Each structure stands twice: as structure tokens, then as C-alpha cells.
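Notes to accompany the following structure.
Derivation of every value follows stated rules applied to the coordinates shown; laboratory data play no part. From a predicted model like this one, the values you see are computed outputs, not experimental measurements. Quick reminder, even Gly has a Cβ in these numbers, built from the backbone with ideal geometry, and neighbours come from all protein chains shown.
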There are 2 protein chains.
Amino acid sequence: MTKRLTTIKDIARELGISVATVSRAMRDTYDVSAETRKLVLDTAAKMNYRPNFNATGLVKSGTHKIAVIIPAITNYYFSTVITGIQEYALEKNYQVMLYLTNDSAYWETKVVRELSLSSVDGLLVCITCETTDLSHFQELIEADMPLVFFDRVPDTINTSMVVQDDYTGACKATEHLIAQGYTRIAHLAGPRGLNLTQQRMQGYMDTLKRHNLESFGIIHSGFSDENGRQDMQMLFNGDVKPDAIFSVNDRKAIGAILWLRERHIPVGAEVGVIGFTNDPTSKIISPSLSTIAEPAYEIGRTSCEVLIRHIQKQNYPAQEISLPTELIVRESTKRS
Amino acid sequence: MTKRLTTIKDIARELGISVATVSRAMRDTYDVSAETRKLVLDTAAKMNYRPNFNATGLVKSGTHKIAVIIPAITNYYFSTVITGIQEYALEKNYQVMLYLTNDSAYWETKVVRELSLSSVDGLLVCITCETTDLSHFQELIEADMPLVFFDRVPDTINTSMVVQDDYTGACKATEHLIAQGYTRIAHLAGPRGLNLTQQRMQGYMDTLKRHNLESFGIIHSGFSDENGRQDMQMLFNGDVKPDAIFSVNDRKAIGAILWLRERHIPVGAEVGVIGFTNDPTSKIISPSLSTIAEPAYEIGRTSCEVLIRHIQKQNYPAQEISLPTELIVRESTKRS
DNA sequence: CTGGGTTTCGATAACGTTCTCGCTACTATT
DNA sequence: AATAGTAGCGAGAACGTTATCGAAACCCAG
């Protein structure tokens, strides 16, 4: 109820010295003798002293907090990215504040705008799939607030961004399908307007062209397994049906496998399926799902690293980092 | 680079009035005329003013931030709990800071101890499975810091806690196995010392006893699917083998199904498996997994609600809330 | 002893807000 | 017309910390 925490003044009074000395002793800086320093540190520990970040933040105008703005965390990719962010941040003594936009542009704008600029040192954001207007981010940049995008990045804004190599990842996936002998390949694409959707689609199309193949259909929709099922329904409506599916992510690919399984269409032998992410369920589902593994944890770490660099030295040049992916072959692309 | 944000003083100077008036106008309180209020609000918007939380926090000694300390977020349960916490917090205008302990008691203690008490208004924590010493939490309580535990709760400490009804959930699961005709039932238990492990085990044992059955083995280990596999190996070593498994969570149950599938032991028909959580992969795996659904999202929301109540009125009595679970029957417990 | 150079420390002003007073000017009451 | 009451505002202290500047206290060379 009282909740009077012990302050630097209490320690000063206790020891009969000035607050300035205590402050200096606490941050073991120059201008303080070894013995008083030890004395201060000991009594600080004894009195259970904790620094008041509001006060330090006020005078130093820095809060050692970063905001992470992300569509959701209930999937493997995002939660792993956050784990990477969190671990790096803690190493560097930064604290992370979490904001979920639930893939709503309205919430994203609201959070960014209402987020008191003074309460964080920088932002790490993955935009929603609805985001088209970027003015709320533009305002941050004009206020010199460090900002780095990851995974889903806008392409008309000049800041640091870190992504997996979506284009060559898609190339690898398509290449693999072709090597397995599939020829009527369709693509379950992501929502339009997302850079990532564009990159993965482009990799798919370029690889087909390189092999003189035509696309057997591209359907844009959301990222859920339910979306995957619906897309399959549309794709298999016609007379000639595809014999392979490259999905923009694993969740939709899993939806596709489920759809095929229900119709007793042999996955792999008759129609191959490959995803993107390497979600843990991709090796639990049967048949297990071939996929392109994304370095989610590293994306979290390095985007946090880039952000902290921006925070610590102003005018640190904007980076564009692209981390490699890896093809993982499982049962869903085995012909026999 | 300059990053000089506009302050309340700038607005006062601009309008030729005092800072006190601006401050009052901003929080539309008494003692300010409607017209000056409007004037202040308009110029504040025009000058792009954002409140400095360090300053308000310093004088009001409240930060509108809560800390969430959790073992991990890369699984369905925890990430869903956090989603619930986040949404409720945002509604009430609180911000959430995330700390991952990675199930290490060392990190938990470190985070709690170094977390400046003055930087958050309260804590929401789910302890690690190693946590035995609770002194770091005890210190918080003595400093009157609001604290509520969820899911994994210590039982020797006097604070609010919110959990799912582990005991009756386990009863339902065991009851269901018995109703399906399984008789040689084993239990894949959680780590020793966890309240949740104890509750689910007790529900299992009491239900068996009520039906005059004996336990066919209890194995304690971690929460991963790998743990589930290893436990199965041990259980099936003997001459007489169990015909049903009740697992403390879905991940271990999935490990069990995988283990059985690899050995071509028909899941359901020969050995039934039931889990706990209702992880989304439980309906993707084949055969799909029967389970006890936990209200993860509601646990997040209500624990956040209880915490904010504690923050807002001192001496709010400690709550012990237990949310109901639900039996979900799928293929893994079907005999035919 | 004197004087210049260190070392160690203390006073004090900031940081941006809120809060407690008190003061003015206006309205209402008698 | 005099007084009481009230609405609106300003001056200044406070919150806990850091930063700047200067003042002791000490050392050692001359």
C-alpha cells in the first residue's frame, strides 16, 4: 500500500553523503573512491534499491524499451521471431513491449499513433496484410524514431528491413517440384499487395519460365489452412487438374493436404505439395510436408540487432538484409 | 537526430498560458474553460504532441505497463494466453512487456530481480518447471507489487491465481477412456513439483479408483513430444502393455501417437490416446487426437483483468479462479 | 611553506509532468 | 452597494535521477 521504494536519496541520507556521489557510485564511473563505491553498493543491496527508469529515462531521454508490432503470435513463425528478438534484447539490456495488430490496418495505425513516442527507443514491425497507407510510419521516420521492418516489409519506405530470401526460396521450391517430375504446377499465393507474396510468386513464375512451363493457376487468399482448402476447391474445379501445389506458407499447404486426404487423392504420388516456413506441424502431418525452412529465430535476432544499432548511433545507414532459406524434402513431394 | 518532441511547455508558450492550464486541459478535468480547452487540444494536435510517460510516471508513480513473464511462446497455449492478455490490456490502456524465461529458474529469478520495480505496475507470471525457490516473488509481494500467477502456479504463496480446472479436466479424460472400454491406462505426467502436474495426476488416480482400476504406470518428464516418445518406450518395455494413454498435454500425446504409428500399433483400436490443451495440431495429426480443451484465451483475459483490478484498488482481495475445460472426442480414442 | 595538480565529493539545475495553493475577476445574493 | 462565493488560471514545488561546475582535501615538487 505504501509502496515507497528506496531511492538514491535514502541511501545518501543513510550514509551521510550526497546523492550525486551515490549516483556516480552506482554506475561505477570516475570520480568516486573505491571504498565509498563499495559502501554505496553494499547498502544499496541491503536496502533493496532498484533504479527508477522513469527518472533516468526522463533525464537521459532514452527508455531502453523497444516496441514490437506484429499481426499475431499464435503461429510458429511469429512466435519464434519474437523469441529471437526477446533474447537479443535482453542480452543488450533492452526490454520489449508487445503489440498485436490482429492483421487489422486500423489497429496498426492506432497503436503506432498512440504509442507515445517518448516511451520507446525504437520499433520493430511486421505490417498487416491490409496495410497500404504508410503515413503513420512516415511520421515516425520524420520524428527520427528508429524503425526496422521484418518479414512483411513495405517497399516504398526508406528504412532498414530484414527478411528471408523469399524469391530464391520460391525458386528452390518450384525447382524441386519440377525435378520430381511434376509439370502442372499451381500456386497458392498470399494476399495481394504484400511484398512477400510478390517475391514468392515471382520466384515461382521465373522458375517455371526457365523450364518452359506455364503456370497452372495462381490463387490469392489469406494465410490460414481454411484458405488453403478453399483455394484447392477452386483449383480442382476444372477438367484438367494440377499435379502439384506450391503454397506461400505451410498452413495453407496443410489445408491443401487435408483437402486432398479427405478426397483420397494420394498426396505425393498423384499431386505433390510443398510449403514455406517449416512449421513444426509440417513434419507431424501425414504425409509429412516438404517445405522451405525460414530462419525465423535469426530474423528476430538480427532485426533486433539492426534496430539497436540504429538506436545507439544516429544516422546509421539503413540496411536491407536477406537471410537464406533451405529446402527440406519430406513425403509430400515423393512420387512413389 | 534532434528528436526534440513538443512538450507541454511548448504549447503553453505558443498560447501564452501556463503549463498548469495546458496540463489540466489535456486531461479534460475541472478548472479550465471549454474554449481554452479546445484551444489547447487543437494546438496540441497541430504540434503533434505526445505525452512523455517518463514524466507522468515519475510524478504519479504509475506506468500503465504490466510485465508478462512466461517460459516460452512458441506453443499454442502460451501464445494464445498472451493474445488474451494483450487484448484486454490494450482495451484498458495498459501496455505489456514480455519476458521469456525459457523454463530456466535462473533466468526467471534474474528477470524478476532486475526488473525495476518502478517500471511496471504489476506482473503476470507463469513459473518455470524448475522453480522451487519463491523468494524473488515474495520480495515483490512485500513491496506491495501486484502479482498474479496463471497456469503454472505455486501453492505456497498468497496471491491471485487463475488456472484451468486441471483436476476435473483430468477426471473427464480418464472417465472418457474408461467409458470407451480401456482398462490398462497409463499416464504421461508433467515435471514433478508443478501444481498442474499434481492436479492432473490426482484427477487421473481418483477416477481410476472410483472405477476400481489400478494405474498402469505414471512417468514424469518434460512437456515436449520427444519426451512423449521416450516415455512410451519405457511404458511398452514390459510384458503387459497399457491399452490407453492419458497425457498431461497434447505435445506429449502427439509424441505418443507418432511412436505408436511408427510401430504400426493402431491408435484407438489397440491403444487409445488422449491429451490436454486442444492444440490445433491435435486435429491435424492422423488419427486426430482426443483432448481436454483449455480456455487459453480466457485465461489470458481474466488473469489480466484480475491484475488490473489489483493495480487499481489496493488491498483487492486475492482471487483463485478456475476456468472450466471441455472434453473433445476425436479418433485417437475410438475403439473401432 | 607555498603553489599547482589530482582526486573526491557536494550543490544545484535540469528533464516533463502533475498537484497544491493562492490569486484574480466575475456572478449571485442580500 | 457590499459581501460571499465560484470559475479560471498561474506560481512553484515535487517526483528520482543525471550532469555541470566548483569546492575541499590531499599529494608532491619547488
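Can you put B:S118, B:S288 in order, fewest other beta carbons within 10 Å first? Let's see the in-between values first.
Details: B:S118 22, B:S288 19.
Neighbour counts put them in this order, fewest first: B:S288, B:S118.
Decide, for the stretch B:215-334, between rounded, prolate and oblate: order the square roots of the alpha carbon gyration tensor eigenvalues as a ≥ b ≥ c, take rounded if a/c falls under 1.5, and otherwise choose prolate if a/b is larger than b/c, else oblate.
Working: a/c = 3.13, a/b = 2.34, b/c = 1.34.
In terms of gyration-tensor shape, prolate.
Can you give me the long-range amide H partners of B:E326? Hydrogens built in the peptide plane at 1.01 Å from N, cutoff under 5 Å, separation of 5 or more residues or another chain.
Placed amide hydrogens put B:A293 under 5 Å from B:E326.
So in the protein assembly as shown, what percent of DSSP beta bridges are antiparallel if you round to the nearest 5?
10
Rounded to the nearest 500, what is chain B's calculated 222 nm mean residue ellipticity when only DSSP H runs of at least 4 contribute -39500 (n - 2.57) each, over all residues?
So the calculated ellipticity at 222 nm is -13000 deg cm²/dmol.
If you wrap a convex hull around the C-alpha atoms of the stretch A:135-191 and split its volume per residue, what is the figure in Å³? Before the final figure, lay out the partial values.
Working: hull volume 5.1 nm³, N = 57.
For the stretch A:135-191, the hull spanned by Cα atoms encloses 89 Å³ per residue.
Is there a simple number for the mean count of other chain Cβ atoms within 10 Å of the Cβ of residues in A:75-83, and what is it?
4
Determine the gain in length on full extension of the stretch A:A20-A:H264; use 0.36 nm per residue of separation and subtract their C-alpha separation, reporting nm with one decimal.
Stretched fully, the A:A20-A:H264 segment lengthens by 80.2 nm.
Relative to the compact globular guide of 2.2 N^0.38 Å, what is the alpha carbon radius of gyration of the stretch B:184-257, as a ratio?
Taking the Cα Rg and dividing by 2.2 N^0.38 Å, one obtains 1.03.
Could you derive backbone 3J(HN,Hα) for the stretch A:202-212 from the dihedral phi with the Karplus parameters 6.51, -1.76 and 1.60 (θ = phi - 60°), listing whole Hz in sequence and x where the residue is Gly or Pro?
Ordered by residue, 3J(HN,Hα) equals 5, x, 4, 5, 4, 5, 4, 4, 4, 9, 6 Hz.
Of the candidates A:T101, A:T43, A:T325, which one comes out as most mobile in a Gaussian network treatment of chain A with C-alpha springs shorter than 10 Å?
A:T43
So for the stretch B:8-51, what are the equivalent ellipsoid semi-axes in whole Å, largest first, each being the square root of 5 times an eigenvalue of the Cα gyration tensor?
Values: eigenvalues 41, 22, 18 Å².
The answer is 14, 11, 9 Å, longest axis first.
With r defined as the distance between the Cβ atoms of B:Y316 and A:K334 and R0 fixed at 56 Å, what FRET efficiency is calculated, to the nearest 0.05?
Values: r = 60 Å, r/R0 = 1.07.
Efficiency for this residue pair is about 0.40.
Report, largest value first, the span of the C-alpha coordinates of the stretch A:169-211 along each principal axis, in whole Å.
Sorted largest first, the three principal extents are 31, 15, 15 Å.
Which order do B:R335, A:R200 fall in if you start with the one that has the fewest other Cβ atoms within 10 Å?
Values: B:R335 11, A:R200 27.
Fewest to most other Cβ atoms nearby, the residues stand as B:R335, A:R200.
What is the order of A:K172, A:K252, A:K334, fewest Cβ neighbours within 10 Å to most?
Starting with the residue having the fewest Cβ neighbours, the order is A:K334, A:K172, A:K252.
In the stretch B:217-336, what percentage of the DSSP-assigned beta bridges are antiparallel, given to the nearest 5?
In the stretch B:217-336, DSSP labels about 35 percent of beta bridges as antiparallel.
With r defined as the distance between the Cβ atoms of B:A55 and B:D144 and R0 fixed at 22 Å, what FRET efficiency is calculated, to the nearest 0.05?
That gives a FRET efficiency of 0.40.
If amide hydrogens are placed 1.01 Å from N in the peptide plane, which non-local residues have theirs closer than 5 Å to the one on A:K92?
Those lying under 5 Å, H to H, from A:K92: there are none.
To the nearest Å, what is the center-to-center distance of the stretch B:178-193 and the stretch B:282-334, using C-alpha atoms only?
So the two Cα centres are separated by 21 Å.
Averaged over all directions, how much area does the convex hull of the C-alpha atoms of the stretch B:98-168 cover when projected, in nm²?
Averaging across all directions leaves 4.9 nm² for the Cα convex hull.
Please turn the phi angles of the stretch A:147-154 into ³J(HN,Hα) values with the Karplus equation 6.51 cos²θ - 1.76 cosθ + 1.60 (θ = phi - 60°), one per residue in order, whole Hz, x for glycine and proline.
The phi angles translate into 8, 10, 9, 9, 6, 8, 10, x Hz.
Under the definition of Cα pairs under 8 Å and six or more residues apart, what whole-number percent is the relative contact order of the stretch A:8-51? Don't skip to the answer; put the middle values down first.
Working: 31 pairs, mean separation 15.2, N = 44.
Contact order relative to length: 35 percent.
Place +1 on the Cβ of every Lys and Arg and -1 on the Cβ of every Asp and Glu in the stretch B:142-243, take the dipole about the Cα centre, and give the residue among B:G190, B:H220, B:V240 whose Cα lies farthest towards its positive end.
B:V240
Treating the Cα atoms of the protein assembly as shown as identical point scatterers in vacuum, please give the log10 of the normalised Debye intensity I(q)/I(0) at q = 0.07, 0.11 Å⁻¹, two decimals.
For the requested q values the scattering log ratios are -0.55, -1.20.
I need the P(r) histogram for chain A: all alpha carbon pairs, bin width 10 Å from 0 out to the longest distance, whole percents.
Distribution as computed: 5, 23, 25, 18, 13, 8, 6, 3, 0, 0 percent.
What size of dipole, in debye to the nearest 20, comes out for the protein assembly as shown about its Cα centre when the only charges are +1 on Lys and Arg C-beta atoms and -1 on Asp and Glu C-beta atoms? List each step's numbers first, then the result.
Details: 70 positive and 78 negative charges, 158 e Å.
With Lys and Arg at +1 and Asp and Glu at -1, about 760 debye.
For a label point 7 angstrom out from the Cα of B:E114 toward its Cβ, which stretches of the stretch A:78-100 have the backbone nitrogen within less than 14 Å?
Backbone N within reach: A:86-96.
If each of B:K283 and A:E214 carries a label point 7 Å out from its Cα toward its Cβ, how far apart are those two points in nm?
Result for the modelled spin labels: 3.9 nm.
Kindly give the distances from B:R309 to its copy-mates, label point to label point, with each label point 7 Å from Cα along Cα→Cβ, as nm values to one decimal ordered shortest first.
Shortest to longest, the spacings are 4.9 nm.
Give me the mean projected area, in nm² to one decimal, of the convex hull enclosing the Cα positions of the stretch A:113-271.
So the Cα hull casts an average projection of 10.7 nm².
Of A:K65/B:K9; A:K65/B:K252; A:K60/B:K38; A:K65/A:K172; A:K46/A:K313; B:K46/B:K313, which sit over 27 Å apart, Cα to Cα?
Values: A:K65/B:K9 25 Å; A:K65/B:K252 36 Å; A:K60/B:K38 32 Å; A:K65/A:K172 38 Å; A:K46/A:K313 37 Å; B:K46/B:K313 36 Å.
Over 27 Å apart, Cα to Cα: A:K65/B:K252; A:K60/B:K38; A:K65/A:K172; A:K46/A:K313; B:K46/B:K313.
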